[in-house]
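Report on the following structure.
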Amino acid sequence: MRAADRGHTRWGIVLPFLALPVVVLGVLIIGLFLWAWSDDEDATRAGARATVPCAEALAFGAAERPANARAHDCTVQRGIDTAYSAVLRMPREDVRDWLRATYPNAPKARTGGGSCGALCLDVTHENGLPGTAEAHVVQVRVEYENAETALVRFSAFTM
């Protein structure tokens, strides 16, 4: 045996085969970490507001657009909870009838001013929200724009 061959083993051949599974596992773990923290999420799942059809926003709170109302600015925000909102412009004289027809078992809409505006209604499953509603709470805030028109802010959300 030569002196140069002493101390040599076959580790030089075996070591790359043993290291390969460790490297592959490391790449998979890093890839999984990067995927989990990537910004490629759907905007509505990431908590950002997204525009939706107004019929969808109202239906989440078991409501329908009144025939004489214009609905716009309808959005959804999804995260831990889901929140839909819609803005309606409708004849001022029709607001109370629409609220009573939509939520017949709810408490009477209250007037108040301040953050309530001209008229407010808060409805939950415990106080009159229909069983068809996916929302847990519906809030309606009404402002009178002029003698004929009301601006109705509708929001329906889970808790």
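Taking the Cα centre of the chain as origin and charging only Cβ (+1 Lys, Arg; -1 Asp, Glu), how large is the dipole, in debye to the nearest 20? It would help to have the intermediate numbers written out before the result.
On the way: 16 positive and 18 negative charges, 109 e Å.
The calculation lands at about 520 debye.
Just want to confirm a number: the relative contact order over the chain, from Cα pairs under 8 angstrom separated by 6+ residues, in percent.
After rounding, I find 20 percent.
In the chain, the longest principal axis of the Cα atoms and the axis of helix 11-36 are about 10 degrees apart. Sorting the segments 62-68, 105-111 by their mean number of nearby beta carbons within 10 angstrom, highest to lowest, gives 62-68, 105-111. The order of the peptides 50-57, 84-91 by mean Cβ neighbours within 10 Å, most packed first, is 84-91, 50-57.
Using only Cα coordinates, the Kirkwood hydrodynamic radius of the range 14-159 works out to 17.7 Å. Dipole of the chain computed with +1 at Lys/Arg Cβ and -1 at Asp/Glu Cβ about the Cα centre; of N146, V23, P104, farthest Cα towards the positive end is V23.
Read-outs: derived from the displayed coordinates by stated rules, not from any lab. Because the structure is predicted, anything quoted here is derived from the model rather than measured. In this analysis, Cβ positions are derived from the backbone assuming ideal geometry, glycine residues included, and neighbour counts consider all displayed protein chains.
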